[in-house]
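Coordinate-derived values only; no laboratory data. Computed from a predicted model, the values in this text were never measured in an experiment. Please note: Cβ atoms are built from the backbone with ideal geometry, for glycine as well, and neighbour counts cover all protein chains shown.
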Amino acid sequence: MNRPAVHRTVEAIWRIESAKLIAALTRMVRNVELAEDLAQDALVIALERWPESGIPDNPGAWLMTAAKRRAIDWMRRTKRRDDKYAEIARASESLAEDDKAGEEVGDDLLRLVFTTCHPALSREARVALTLRLLCGLTTEEIARSFLTSEATVAQRIVRAKKTLNAERSSFEISAGAELAERLSAVLEVVYLLFNEGYAATSGEHWVRPLLCQEALRLGRILAELAPREPEVHGLVALMEIQASRLRTRVGAQGEPILLLDQDRAQWDRLLIRRGLAALERCRKLGSPLGPYALQASIAACHAEAPTAEATNWIRIAALYEALSRATPSPVVELNRGVAVAMAFGPAYGLRIVDEIAGSPALRNYHLLPSVRGELLKKLGRYEEARAEFERAAAMTRNAREQELLRGRAAECDSRSSD
């Protein structure tokens, strides 16, 4: 394998393994910024060595071993307290390349989530740090999702790391009052992690299933830690049901397959049953349904319909109406427009979408022109639809999504020339 091909492979492995490395290293050195630096050191070593030696059989364990060695070297150089040397002894036991590092990864990742959700951090800082550390997004990719500059995001991440170090965060899973204080932020972080796996912001792949699996695992742990919190079960229900579709979201060549075109017989019925059970636990707690539970209820409508045609779109539109009252946002309204279009016709949906088209929050949101394109296409307004699909394709940074949108534009072009 030539050097450029190895580098591409290493980058792909890094996107999968980086969160685990940083979580494990943060547990060792108790410093998020240092942990990320040490993980990057391991990446540099891999980029230097693997083109000559080849990709290891277990590249994740190789990177973990290299990163732990760097951490141990750092602890020795700085002559940490005696208890740090005890950690060195324990860590040294796992330095063989067949290291099973990862047996505690689930807990380490959850500890990292609680760390990034420290109340001293603003919501924007928490989200940026999560996308960086847990989702492996670059500063440029995060800046696009925030609709802001790279410099702003970079400063936000640096300040967040320094704040965590200044606060001497314990890097432990919270309990009691502290758990309640951070729970909302933790749920949001897990939700972000899942969404990045379900619909990747950028790159060559439409989905990143491993991120979905990690988010789902963390959600299940949270449900055990906070069994009386309805929204924990609501989020778990949402993730279980959404995850049931993962194998049908892409075709044989990795191309995206949209919801209405998916083979529902291939949806994972076990995950659906688990999701519906979690939603029932949420409802039995007696509180009004929160945003995650409402989204789970919408997902349940799709899961319970044997075919796309049998979907109860009127109920979905009503649930989106409730969601828009619980968490008003242009994105929710955009989704409500889609549901209304399916329930009552594209003209009604387009009216809702056009009302929010000028929202600053949607200025660079590619799904706005994508949805408008679909509705215009259904109304036979092919020239306008083609322009919307082309605009959406230019805005997204996911290669697979660009292909899908350009294909939609080509369909409209052929229709308009008939």
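Compactness check for the range 320-361: Cα Rg over 2.2 N^0.38 Å is 1.07.
Contact order, relative form, for the chain: 11 percent (alpha carbon pairs under 8 Å, 6 or more residues apart, mean separation divided by residue count). Ranking M75, Y191, L246 by Cα position along the charge dipole of the chain, where only Lys, Arg, Asp and Glu carry charges on their C-beta atoms, puts M75 farthest toward the positive end. Computed over the range 364-418, the percent of Cα pairs more than 13 Å apart is 48.
State the volume of the convex hull built on the alpha-carbon positions of the range 207-311, expressed per residue in Å³ and rounded to an integer. If you can, show how the numbers build up before the last one.
On the way: hull volume 9.7 nm³, N = 105.
Cα convex hull per residue, to the nearest whole number: 93 Å³.
Using Cβ point charges alone (K and R +1, D and E -1), the dipole size of the chain about the Cα centre works out to roughly 660 debye.
Using only Cα atoms and rounding to the nearest 10 degrees, what angle (0 to 90) does helix 32-53 make with the longest principal axis of the chain? The two axes meet at around 90 degrees. Angle of helix 269-284 to the longest C-alpha principal axis of the chain, folded into 0 to 90 degrees and rounded to 10: 90°. Sorted largest first, the spans of the alpha carbon positions of the range 23-68 along the three principal axes are 33, 17, 10 Å.
Ranked by the mean number of other Cβ atoms within 10 Å of their residues, highest first, the peptides 399-408, 289-298 come out as 289-298, 399-408.
Neighbours of L131 by Cβ distance under 9 Å: Lys/Arg scored +1, Asp/Glu scored -1, total -1.
Note on I314 and T148: the extension gain reaches 56.1 nm, defined as 0.36 nm multiplied by sequence separation minus the Cα-Cα distance. Local charge for L187 was computed over the other residues whose Cβ lies under 12 Å away, with Lys and Arg +1 and Asp and Glu -1, and equals -1. The phi torsions of the range 301-312, fed into the Karplus equation with coefficients 6.51, -1.76 and 1.60 and a -60° offset, translate into couplings of 4, 5, 5, 8, 8, x, 9, 4, 5, 8, 5, 7 Hz, rounded to whole numbers, with Gly and Pro shown as x. Each part gets one Cα centre, and for the range 213-243 versus the range 396-418 those centres are 36 Å apart.
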